[in-house]
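Every read-out reported here was derived from the displayed coordinates using simple, explicitly stated rules and does not represent laboratory data. Since we're looking at a predicted model, the values are computed, not measured. Please note: Cβ atoms are built from the backbone with ideal geometry, for glycine as well, and neighbour counts cover all protein chains shown.
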Amino acid sequence: MADERKLHSPGVSSLLGIFPGQTPPLVVAAALADPPVDDDILAKRPLGALFWFALVWVALVAILAIIANWLPLPNPNHQNYAAINASPGIHHILGTDDLGRDLLSRIIFGARVSLVVGFASVAIGMVIGGTLGLISGFKGGRLDIALNAGSFVILAFPAIVAVIAIVAFWGQTLAKITIIIGVGTIPIMFRVVRASSLAFVNRDFVIAARTLGATSTRIVFREILPNVIPAAVSFGLITVAGVIVLEGSLAFLGLSVALPTPSWGNLISEGTANGNLSINPYILMWPALAMFLLLLSINLIGDRLRQRFDIREGLL
Amino acid sequence: MFLSRGAATGGIILVGAGASAGLAGCSSGSSGSSTSTGANKGGKAGVSTGTPKRGGKAVIGTTADIDGFFPPTNHWDNNGFLYANTIYDPLTAVAADGSIKPYLAETITPNSTYTTWTLKLRSGITFHDGSALTAAVVKANFDALKASALTGIALEQVTSVTITDPLTVVYNFADPFVSLPASLATQVGYVVGQAMLDAVSKSPTTPPHPVGTGPFIYDTWQPNDHFTATRNPHYWRSGYPYLDSITYRPIPDTTQREATLKTGGVDLILSADPVTVNHFTGQSPYQVVDSLSDITGEPDVAFILLNCASPPTNDLRVRQALAKATDQAQVIKLFGGGLSQPSNGLFPKGSKYYSNTGYPTFDPTGAKTLVSAYKQQHGTPTIELVTVPDSRDIKVTQVLQQMWEAVGFNISVKTVEQAELISNVVTGNFQAYTFEQYASPDPDLNYVWWSTTTVAPPGQIALNFSRNSDPQIETALLSGRRSPDPATRVKAYQTVNERLAQDLPYVWLGQTVWSEVGDARIQNFANPILPDGSPGQPFDNGIFFPTQIWMAG
Amino acid sequence: MLSYLLKRLAQLVVVAFIISVLVFLLVHLLPGDPTVSILGGNVTAANRQILLHELGLNTPLYHQYWIWLIHALHGNLGQSYLTHETVGHVIATGFPIDVELIIISQVVAFAVAIPVALITSRRPNRPLDNIATTGTFGLLALPPFLIAPILVAIFAVGLHWFPATGYVPFSQNPASNLHDMILPGLALTAGSIAVYYRLLRSDLIMTLQEDFITMARSKGLSNRRIMMRQAFRPSTFSLLAVAGVNIGALLAGTFIVEYLFAMDGLGYSIVQAVQQRDYLLVQGIALVVAIAYVVLQFIIDFLFTVVDPRVTRE
């Protein structure tokens, strides 16, 4: 039934992103997910070449980011004044920036920051927000009202003020930025998981379990959680994409990890500053391209997986 | 990326907009030059010898907006002075040769001991509301300025002001004070009408309607959007102004400001980023004027401010090592558009105060030795280098970080916003900050920044930010303040400069480069003529006079 | 119905109040204070105390908040410490700018997303769909601070079709206003296009699998008719919900575009106010944005229940 997908109002309307000037990560997530498609409409095909491409790209980026220290790369922060704005060539495969720093090296080390910020912050949001959402959806009542109201308030708060203030008195290390963004995704994850678990709470199998004497904990974690996970993971994966782009905007505002540590956001921001766009477009181009490919890949993986493992509600 | 609106501010009004915590600064002061092309009548950029055409409107793209038009309470950066030159007049102004000439004043003369200055106003000048410019109004202005938390410091030395006739004001000092005329060319010299003073007294938190004597009359101001002023038909300098109206549009992003000039959205832009000079030089039909060559008074310089009272920068060897480890030429090449020369102190070559100060030259080996010596006693020196969140400033700190770490320092780089930065600097809660300051028509106006009387321990507020307490500097400063003999004064400030090169509270990064770029139509923006007919200072670190501008075609 | 309205009104008041307290605490915890912005480097200990006293900032925090609250309830949100412009005036000039930016960006987003989705949803995972998907990801990977300079370089400096910066109020000159707003609006729209397109496509694909579509087809209705009359309508529900969310997030999030295009909107004003520690301005704008957000959610929820009677109200 079409309306089973819809969440109770005000649930849907409260799917929220909180960060400025940026399509909110969860909206991105909600929108980007491919729906499960009937075999009749979709020509029967395996996961597909594109899927494997995407997987390879994500794996490559992740592996390079992890082993970056052991790769024969120049120091990403080392400025070589003799090789400023060098075009791609033998010595610098992707060229150098306006301080003579090797672009390939900066992108690989930058991937580290972007991936950590992306995955870890969403993980925080999912674990904390997701758990709260599960419990809240299941229990209902006053706890639910309170948590719901709380998340609504957080989402109505002007995010940019919060980020500026928190960064000003706390700091800009990778860990801190990850936590700040992570905490920011909690209300979103809360609402999604809650809405999702609400859809299952009154199902026959849940009622059956209860009749059989299962404890609440068991019901939540054995019956409801497995049904909620596919949607949550799918959303989560795509929220990662949104957060990676968000990090870019924060970098533009000087609110991401402290320079000179590279992150894709920092790199793109440096690429647009000081007239670099006309002098040396490579500074901008490479990280933007890398980010574009990563987002594409994550989405492809996410929705192919969802197609594979999605449990049509009508089948329950 | 984004400069807070006051990013160019931070300094003392004495020198009319002094310090800036970033390297994209501000301030008035000396120097103005015309370099490069000028596709305009007369050949020299910004200077037009053709017959001025009356009428028309000019639109100017500026770097930021201001807080307000009231000198006692609104802190003016270069944009403040632009607006002030539009609707007000200063009592004195700087001439092209660096001397101070009377402007609103007709004469300003000292007594033999320089403890009294007598200022005679021109007669027949009226404010925009019709009221007359009298000594009483000037005194009322003075009283407001002296009482203000913002401007009081600049007028500290004045013990009293008296009126001897309707057009004569007398300033009295306890000790000889040579630089009063120079002060009156800065924020404390702009005269506003009595009605405006009264409005503020009555209702201090309502923005008063600006009333001045200037070439244009205040029309509308939408903060962060635009400021428009219209021609004053009763302006006391007959013949001026030529324009019917002038509008200023603040455009914070430099690239966008340049784009707006290219698309014809504005007729003239100002820029604190040296790259603008390189972008437009040689590009017909643009006229480019920058702040580098003509050196009068004291220019705006960029430097690293070091805390002489906290470790490790309280150790002279550390400061020497930092100076020796800094390759100024490289920094200028990377960020200054290769336009300025490395500094050895406050004054550039060509200035009458210039001397061979003995400031350390680029010597990484020497720096390493000093750092090792320090290290043996105290361990590796660790310094936090801080700047504002501006992309160019951040890059400069990264370059310095690499240069300083190459000689053995452990450097971390941090950004804080302007408000916090100034707060930290003032309370001595810092080690090394990027800064920009000291532009002034006369070095004496910078007294408070270097005096031993304005030092306080870290934790307490002090105007001598670096907390460098040097009695020789104090003696020299007082000598310059009190002696009218030009040779003595030059010697005094050379001494100050040389002592600074010894004490090293500052690591110099070269002069800042301001520029103004006009399109083909706007004429004569860098060629002001003072009331006595002599040429005025053409371009003063982001400040010009709109009085003589006209639009061709 | 009335109780529902009252309940939502109560929600509005509670949310606004809590947010005002949180914002108040947050900005006051920031290091520094407005004296530095006002005095610049001319801060002496004495000056600072005088100024703090004048501004009413050396009383205890709860007292300051209380004063603010009382004034706010009387409609007086105070003034900027620096320019003395009233907060109300800042909001009155800034809010229309943001509203217009949002409207333009959303109109363009729908105008692009809907037709493309209608076309590609009929043949999912075919080449055209894949191209659209890839293109969408290009848009998503291009944040506003990246798109804006590119748009300006091409359309303003290059082609001279639009101005690089500037803004004229609609009431003053509608034609100029729209002309000025196009590039900024486009800079904001990319993410929205991606989101609406994907969502609509996703909804359409699912709807097209429904039985009632199969039935319509078996009746011999043309594909186009099916699409427009049967499939599209139910799909608009999620679109509406997501639009509400998207717009809500854009409300004070337009800072980057306002900064680049030199527009005096609320995003720019609030960031500047935080940087200058202009407390009253931060509070006033945050309050207005929060209220606007809650009202927006209310409208969306309400539209939702009106449009789809099956959805229950909580």
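Given the -39500 (n - 2.57) contribution per DSSP H run of 4+ residues, what per-residue ellipticity at 222 nm results for chain C, rounded to the nearest 500 deg cm²/dmol?
Rounded to the nearest 500, the figure is -23500 deg cm²/dmol.
Mean projection of the alpha-carbon convex hull of chain B over all orientations, in nm²?
22.9
Computed from Cα positions, the angle between helix B:78-87 and the longest principal axis of chain B comes to roughly 10 degrees.
Here the dipole of region C:87-307 is about 1140 debye; that uses its Cα centre as origin and unit charges on the Cβ of Lys and Arg (positive) and Asp and Glu (negative). For region C:2-73, the ratio of Cα radius of gyration to the globular rule of thumb 2.2 N^0.38 Å stands at 1.53. Angle between the Cα long axis of helix B:391-405 and the longest principal axis of chain B, 0 to 90 degrees, nearest 10? Between helix and principal axis, roughly 30 degrees. Which of the chymotrypsin sites (Phe, Trp or Tyr not before Pro) across region B:439-532 are loop residues per DSSP, with 10 or fewer other Cβ within 10 Å? Within region B:439-532, no chymotrypsin sites (Phe, Trp or Tyr not before Pro) qualify (loop, at most 10 other Cβ atoms within 10 Å).
Centroid-to-centroid, using Cα positions, region B:309-383 and region C:1-59 are 43 Å apart. Sorting the segments A:86-93, B:296-303 by their mean number of nearby beta carbons within 10 angstrom, highest to lowest, gives B:296-303, A:86-93. For B:LYS202, the lysines whose Cα comes closer than 27 Å to its Cα, not counting residues fewer than 8 places off in the same chain, are B:LYS139, B:LYS146. One equal scatterer on each Cα of the protein assembly as shown, no solvent, Debye formula: the resulting log10 I(q)/I(0) at q = 0.04, 0.07, 0.09 Å⁻¹ is -0.23, -0.69, -1.09. Any chance you could check the Cα centroid distance between region A:166-193 and region C:273-292 for me, in angstrom? If we compute the Cα centre of each part, the gap is 21 Å. The distance separating the Cα centre of region B:42-119 from that of region B:245-276 comes to 21 Å. The angle between the Cα long axis of helix C:232-250 and the main principal axis of chain C comes to about 20°, on a 0 to 90 degree scale.
Of all aspartates and glutamates in the structure, the ones whose alpha carbon falls short of 19 Å from that of B:LYS57, not counting any fewer than 8 places away in one chain, are B:ASP219, B:ASP225, B:ASP244, B:ASP267, B:GLU516, B:ASP519.
Ordering of C:197-207, B:333-343, B:155-165, B:258-268 by packing is C:197-207, B:258-268, B:333-343, B:155-165, highest average first (other Cβ atoms within 10 Å, averaged per residue).
Rg over Rh of region C:87-307, using C-alpha atoms and the Kirkwood radius, what does it come to?
Rg divided by Rh gives 1.04.
By the count of other C-beta atoms within 10 Å, a proxy for reagent exposure, B:VAL371, A:VAL116, C:VAL15 are ordered fewest to most as A:VAL116, C:VAL15, B:VAL371. Straight-distance candidates among the lysines for linking to B:LYS349, with alpha-carbon spacing under 16 Å and chain neighbours fewer than 8 residues away dropped: B:LYS491. Counts of other chain beta carbons within 10 angstrom of each beta carbon in peptide C:20-27 average 3. Have a look at C:ALA117, C:GLN172, C:PHE255 and report the one farthest towards the positive end of the charge dipole of region C:87-307, computed about the Cα centre with Cβ charges (Lys/Arg +1, Asp/Glu -1). With unit charges placed on the Cβ atoms, the residue in question is C:ALA117.
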